[in-house]
Amino acid sequence: MKTYPPLKTIAAVFASTLFVSFLLFYDFGKSTSRIIQTLTSYGHVPLFGFIALGILQLMSNGDYRNCGMKQYVRAGIITVLLGTMTEIIQIWTPSRTFRFGDILSDAVGGAAFLAFLYSYRQGIGRRGKIALRALALSCLIVMAHSIITATLDTIQMYYDAPLLGSFENRLEMSRWHENESSIKRTGLHATHGEYALEVNLSPGVFPGVSLVHLIPDWRNYSMLSFDVFLTGTSPLPLTVRINDVKHNEDYEDRYNRTFVLAPNRNHITIDLEEIRTSPQGREMDMAHMRLICLFSHNLKEPRQIFLDHFLLERPIRNQQQDRR
């Protein structure tokens with residue numbers, strides 16, 4: 001006679017499904033906190049770990065201690081498929097994006113929780129239990145590396161303020177994203193400390209680099225400055241895009257300005273008042289700045305630049321007060 005899971009189990013799984021759907025698809029709004037962003041991303045690991053356990057609970061009718069390996073494997077596969085499905089759905093969900101990294105987190109979370117539960121299965125020896133639990137814990141720790149990196153670099157970022165970028169610390173590289181380009185720390189052409197950022201721009205529509213994690217509050221500063229060293233013998237137009245957390249992705253809703261770089265060293269300065277008044281129909285939210293992007297448009301040949309000393313500068317009267 002075929003048996004069915006207890007009604008309580010079905011109700012618990014149904015309630016969990018509703019809760020998971022809420023977490024995955026509800027728009028909680030944007031956050032400028034890198035630590036919150038990484039914690040939210042890491043949340044996929046325990047979330048889909050519990051989903052895997054719920055699926056196994058249904059498949060085993062609550063008797064997970066005696067169910068076979070095949071049921072654990074099937075629960076893991078179903079968990080990965082559900083994770084993939086939710087990412088695909090988020091393509092059409094406002095403020096959400098498809099991420100392969102989230103699918104990996106879903107898979108690792110499911111596997112870790114199932115491995116830990118399997119260690120309690122009847123017939124597993126002491127060494128087997130230790131090995132399975134150690135494996136599960138290791139997976140959870142490895143997946144948490146982004147939280148550790150984000151926390152340490154955020155502390156360093158606020159310690160260095162108002163310096164936004166100097167590349168003296170390897171962790172700082174995690175603040176930068178490349179697009180149609182490659183980046184690395186280098187000792188060449190540094191203007192502050194011993195290191196600069198080497199950016200190799202590939203031919204493309206918008207090759208460049210973005211500072212995606214930065215100090216959000218710029219209200220007490222008057223200028224943004226940085227140094228660019230251009231190799232080669234011909235000039236290079238470089239566009240600077242800056243936007244706040246409220247940016248709607250329209251061109252008119254951000255700061256955009258193109259600087260023509262001359263070969264060798266260039267020092268760029270931008271008045272923050274110009275940034276504040278750049279969006280049409282509103283003012284830039286200088287307390288919640290989001291992004292600095294440097295790029296070239298329709299680049300036909302590879303070019304190389306070196307970036308260093310991104311600095312927010314205070315008004316002269318504030319600098320004099322600081323010296324006192």
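Residue by residue through region 256-299, note down the ones that are within 24 Å of P315 (Cβ to Cβ), open to solvent by 40 Å² or more (accessible area, probe 1.4 Å) and out of contact with any helix residue (DSSP H, G or I) (no Cβ under 7 Å at 6 or more places or on another chain).
Result: R257, H267, T269, D271, E273, E274, R276, T277, R282, H288, R290.
How many residues are open to solvent by less than 60 Å² (accessible area, probe 1.4 Å) and part of a helix (DSSP H, G or I) when one looks only at region 139-155? Show your work before the answer.
Kept after step one, since they are open to solvent by less than 60 Å² (accessible area, probe 1.4 Å), are these residues of region 139-155: 139-140, 143-144, 146-147, 149-151, 153-154.
From what's left, part of a helix (DSSP H, G or I): 139-140, 143, 146-147, 149-151, 153-154.
Of the residues in that region, 10 qualify.
Y251: exposed (fewer than 14 other Cβ atoms within 10 Å of the Cβ) and among the aromatic types (F, W, Y), yes or no?
Values: exposed (fewer than 14 other Cβ atoms within 10 Å of the Cβ): yes; among the aromatic types (F, W, Y): yes.
Yes, satisfied.
Return the only residue of S296, S278, S234 being closer than 18 Å to H177 by Cβ and among the small types (G, A, S). Spell out how you get there, then give the answer.
Values: S278 fails: closer than 18 Å to H177 by Cβ; S234 fails: closer than 18 Å to H177 by Cβ.
Going through S296, S278, S234 in turn, just one is closer than 18 Å to H177 by Cβ and among the small types (G, A, S): S296.
Give me a count of the residues in region 234-245 that are surrounded by 14 or more Cβ atoms within 10 Å (Cβ to Cβ) and not hydrophobic (A, V, I, L, M, F, W, C).
4
Please find, within region 203-233, the residue that is surrounded by the fewest Cβ atoms within 10 Å (Cβ to Cβ) out of those that are among the hydroxyl-bearing types (S, T, Y) and more than 23 Å from the chain's Cα centre (by Cα). Talk me through it step by step, then tell me what you get.
Here is the first cut: in region 203-233, the residues among the hydroxyl-bearing types (S, T, Y) are 210, 221-222, 225, 231, 233.
Then drop every residue that is not more than 23 Å from the chain's Cα centre (by Cα), which leaves 221-222, 225, 231, 233.
Working: Y221: 18, S222: 16, S225: 14, T231: 15, T233: 7.
Among those that are among the hydroxyl-bearing types (S, T, Y) and more than 23 Å from the chain's Cα centre (by Cα), it is T233.
Could you give me the residue pairs with C-beta distances under 6 Å whose first residue belongs to region 247-259 and is within 13 Å of L291 (Cβ to Cβ) and modelled with pLDDT of 95 or more, whose second residue is surrounded by 15 or more Cβ atoms within 10 Å (Cβ to Cβ) and among the small types (G, A, S) wherever it lies, and which are 6+ apart or on separate chains?
Y255/S278
Restricting to region 238-291, what's the tally of residues that are farther than 17 Å from D217 by Cβ and either charged (D, E, K, R) or not in a strand (DSSP E or B) (or both)?
Residues in region 238-291 being farther than 17 Å from D217 by Cβ and either charged (D, E, K, R) or not in a strand (DSSP E or B) (or both): 20 in total.
Of all the residues that make up region 156-187, how many are open to solvent by 40 Å² or more (accessible area, probe 1.4 Å) and on the phi > 0 side of the Ramachandran plot?
Qualifying residue count for the region: 1.
The values are calculated or read from the model by the stated rules, or taken from the named source; none is laboratory data. In this text, all values refer to a predicted model and were calculated from it rather than measured experimentally. All Cβ positions, glycine included, derive from the backbone under ideal geometry; neighbour counts span all protein chains shown. For the accessible areas, the whole protein counts, side chains as well, though only heavy atoms, and no ligand, DNA or RNA atoms are used. Shrake-Rupley method; radii C 1.70, N 1.55, O 1.52, S 1.80 Å.
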